[in-house]
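Accompanying notes for the structure given below.
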Amino acid sequence: MKDIATPSRTKDILSRHGFSFKKSLGQNFLIDPNILHRITETAELTKETGVIEIGPGIGALTEHLARTAGKVVAFEIDQRLLPILEETMEPYDNVKVINEDILKADVKTVVEQEFAEFDRLMVVANLPYYVTTPIIMKLLEDKIPVNGFVVMLQKEVGDRISAKPASKEYGSLSIAVQYYTKAEIAFIVPKTVFMPAPNVDSAIIKLQVREKPAVSVENEAFFFTVTRTSFAQRRKTILNNLVNGLPGGKEKKEQITAALEKAGIDPARRGETLSLNEFAVLSEALLKEGIQS
Ligand code: SAM
């Protein structure tokens, strides 16, 4: 059978089912099998790997996952796609579709129930762009036991996720994702491989989940508060951002200055110049000065 991801087969499936794209659900379907090969290769799938897919659409990526991985569980929010997936996934007995919003789903329980016999688990998806960051952050913060992610997203978000300190893309999202994973852009994807073509450039990002976070902090939530606060106004110094943004910061300017100095960080620096490790040392120093979120 011809791949789903060709313009002619995709058009045929959509027209037979009378399906119209919903822009609000980020529906841009892949129509190029070469990109799908590159995605499954990047994810290093084998029959011993389980895969969680988010947003199977009409199954373009799902069938490549089904061919190369041991089992695929795909979360799809749009009920209209269920009868289509039933038809397109008919040749594959290792695919399960769950009609749920990934942001509301109990993914941990699904993993326990569906992937007990798999030692390796990957998230592989062409993500709906309106919720890329919430999806990645939910799966990381909920500590879903996956080895990694290979996902399509807006290139601009991929640049921010994988950014290094002192670059203009580096910010609290880079820190949040790099705290849990080693992040790299695997390759850039042209707009022409989608139907309809999205307005923005796309990239495949690879996230390798770390065995333990990149830095060790006493209070994870406070560490993330400190990083977010430090980037609140990028042109301001880290001292100003912390004083203005931390609860009670204005009354505690002296303690914040002391914490910065004890952490070896010049209060005149900008947040974007601090490494993950410096943020960790800083958040511990702020806690020692009695500053809490
Ligand atoms: N995987 C298909 C492909 O590559 O051709 C479709 C990818 S399309 C970019 C995104 C898919 O995610 C759509 O099928 C859309 O309905 C689905 N989707 C959007 N929001 C979702 C959510 N919150 N939870 C689960 N699926 C969602």
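Once the stretch 14-23 is narrowed to residues that are surrounded by 10 or more Cβ atoms within 10 Å (Cβ to Cβ) and under 29 Å from the mean Cα position of the chain (by Cα), the residue that is nearest to the ligand (Cβ to nearest atom) is Lys22.
Going by what's in this entry, would Lys138 be described as within 12 Å of the ligand (Cβ to nearest atom) and either in the same structural domain as Phe224 (by TED's automatic domain parsing) or not aromatic (Phe, Trp, Tyr) (or both)?
yes
The combined condition, being more than 31 Å from the chain's Cα centre (by Cα) and within 13 Å of Thr225 (Cα to Cα), is not fulfilled by Gly245.
Of all the listed residues (Thr62, Thr68), the sole one being touching a Leu at 6+ places or on another chain (Cβ under 8 Å), within 9 Å of the ligand (Cβ to nearest atom) and of a type in the set (S, T, N, Q) is Thr62.
Quick grid of which residues meet (1) of a type in the set (Ser, Thr, Tyr); (2) out of contact with any Gly (no Cβ under 8 Å at 6 or more places or on another chain):
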position	(1), (2)
Tyr180	yes, yes
Phe223	no, yes
Arg235	no, yes
Ile238	no, no
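Looking only at the stretch 29-74, count how many residues are free of Cβ contacts under 8 Å to residues at least 40 places away in the same chain, in a helix (DSSP H, G or I) and of a type in the set (A, V, I, L, M, F, W, C). Result for the stretch 29-74: 2.
Does the stretch 234-254 contain at least one residue that is closer than 26 Å to Asp142 by Cβ and in contact with a Phe, Trp or Tyr (Cβ under 9 Å, 6 or more places away or on another chain)? No, every residue in the stretch 234-254 fails to be closer than 26 Å to Asp142 by Cβ and in contact with a Phe, Trp or Tyr (Cβ under 9 Å, 6 or more places away or on another chain). Report, by residue number, each residue of the stretch 75-132 that is within 10 Å of the ligand (Cβ to nearest atom) and part of a loop (DSSP other than H, G, I, E, B). Glu76, Ile77, Asp78, Asn99, Glu100, Asp101, Ile102, Leu103, Lys104, Ala105, Leu127, Pro128 - these are the residues of the stretch 75-132 that are within 10 Å of the ligand (Cβ to nearest atom) and part of a loop (DSSP other than H, G, I, E, B).
Within the stretch 38-59, the set of residues being in contact with a helix residue (DSSP H, G or I) (Cβ under 7 Å, 6 or more places away or on another chain) and either open to solvent by 10 Å² or more (accessible area, probe 1.4 Å) or within 18 Å of Thr10 (Cβ to Cβ) (or both) comprises Ile39, Thr40, Leu45, Glu53, Pro56, Gly57, Ile58, Gly59. Within the stretch 274-293, the set of residues being free of Cβ contacts under 8 Å to residues at least 60 places away in the same chain and either acidic (Asp, Glu) or open to solvent by 50 Å² or more (accessible area, probe 1.4 Å) (or both) comprises Glu278, Val281, Lys288, Glu289.
Per this entry, Asn240 is not counted among residues that are in the same structural domain as Thr273 (by TED's automatic domain parsing) and open to solvent by 70 Å² or more (accessible area, probe 1.4 Å).
The values are calculated or read from the model by the stated rules, or taken from the named source; none is laboratory data. Note that the structure is a prediction, hence the values are computed from the model and not measured. No Cβ is skipped: glycine too gets one built from the backbone with ideal geometry, and neighbour counts run over all protein chains shown. All accessible areas refer to the heavy atoms of the entire protein, side chains included, with ligands and DNA or RNA removed. Shrake-Rupley method; radii C 1.70, N 1.55, O 1.52, S 1.80 Å.
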